[in-house]
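The values are calculated or read from the model by the stated rules, or taken from the named source; none is laboratory data. This one's a predicted model, so the numbers in the text were calculated from it and none came from an experiment. Glycine gets a Cβ as well: all are built from the backbone with ideal geometry, and neighbour counts include every protein chain shown. Calculation scope for accessible area: heavy atoms of the full protein, side chains included, ligands and nucleic acids excluded. Shrake-Rupley method; radii C 1.70, N 1.55, O 1.52, S 1.80 Å.
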Amino acid sequence: MIRSTVCGVGSALPRRVVTNKDLEQRLETSDEWIVQRTGIRQRYIAAEDETTASLGEAAARRALESAGMTPADVDLIVLGTSTPNNTFPATAVEIQERLGMRHGFAYDMQAVCSGFVYAVTAADLHLRGGTAKRALVIGAETFSRILDWNDRTTCVLFGDGAGAVVLEARDGEGTIADRGILASALRSDGSHKDKLFVDGGPSTTQTVGHLRMQGREVFKHAVGMITDVVEDVFRKADVSAEDISWFVPHQANKRIIDASARKLGIAEEKVVVTVDLHGNTSAASVPLALAHAVAQGRIKRGDLVLLEAMGGGFTWGAVLLRW
Ligand code: UT7
């Protein structure tokens, strides 16, 4: 049985850090409110010359380097993003060009904060179906470009960045002892589309628009949706919370992360938290957290790793993999 196995991981952040204290200078907000309600202490904000494509390219290069590979070795790029460089072509194609790749194929995955979980699942299907052998799966965002910087209820929450993994089709035994992706589950429900959205687009306003969110409404649904889809993945792989080595959740809010882990019965010390450092980087948050935990020497080969995300749409999903 073919297993899509992670063989490299990398990340990239903009040069500029913006702390909660910095935001206090220009908004009616406080470090105390932001930390207490979200756990966020700082975020990285892209400069003009830093884009979703440039951050995605940097993360991809680091992931390839850690895999001991070059762009010639991969034949697929799937990029999770809601902040593409242009309406089209796909930013994945721009990253392909930046990497000097003239072979294979590349496309963007639009699932907002669930973009990386969706992209990993899509790449896994390509590898297992034989349409590709090695994939770069990237989550890259510049949400700072779509924030309303006068809306304190949203602009303090998000940040920019990128993370990437290299997946390779390898032979496995078909058991959960295999390395690679073991199970995944994806969900969406468009009846929630007005709770978290961008109020512009090519076919409606011909503008880019700004992010709008009913934060409390999103919060209300998040924990239930996350735990449902994780339990679905547990059932598919026949594992339980105690088997998990590392829980790498979408980094939107520390309170959502804590409540989800508690409800699932995952011990606190197994939860990777980077929301304090990066804020909510949408599709980049899970691969940024993965790269961070690997760099710290926490996630190691053979560990059972659980990823999840939930965001605009709503979309949500989970992936279980052995590192
Ligand atoms: O990644 C996709 C998913 N997105 C999320 O997961 C976000 C989910 N939602 C949340 O994380 C939380 O709902 C928020 C962090 C957005 C808000 O936290 P909350 O505990 O739900 O606060 P709230 O919206 O109920 O607001 C409480 C108060 C309000 O004042 P009043 O009406 O009670 O007087 C807000 O005006 O906090 C006020 N407030 C702020 N105060 C200082 C809202 N934003 C700020 C701010 N600084 N930045």
Practice problem: Name every residue in region 241-271 that is open to solvent by 10 Å² or more (accessible area, probe 1.4 Å), within 28 Å of residue 52 (Cα to Cα) and not basic (Lys, Arg), in order of residue number. | Solution: 246, 250, 252, 253, 256, 271
Exercise. Would you mention how many residues in region 198-221 are more than 11 Å from the ligand (Cβ to nearest atom) and not hydroxyl-bearing (Ser, Thr, Tyr)?
Key: 10
Quiz item: Any residue at all in region 223-240 that is within 16 Å of the ligand (Cβ to nearest atom), in contact with an Asp or Glu (Cβ under 9 Å, 6 or more places away or on another chain) and open to solvent by 40 Å² or more (accessible area, probe 1.4 Å)?
Solution: no
Quiz item: Can you name every residue in region 272-323 that is without any contact (Cβ under 8 Å) to a residue 60 or more places away in the chain and either open to solvent by less than 10 Å² (accessible area, probe 1.4 Å) or of a type in the set (Val, Ile, Thr) (or both)?
Solution: 272, 274, 293, 299
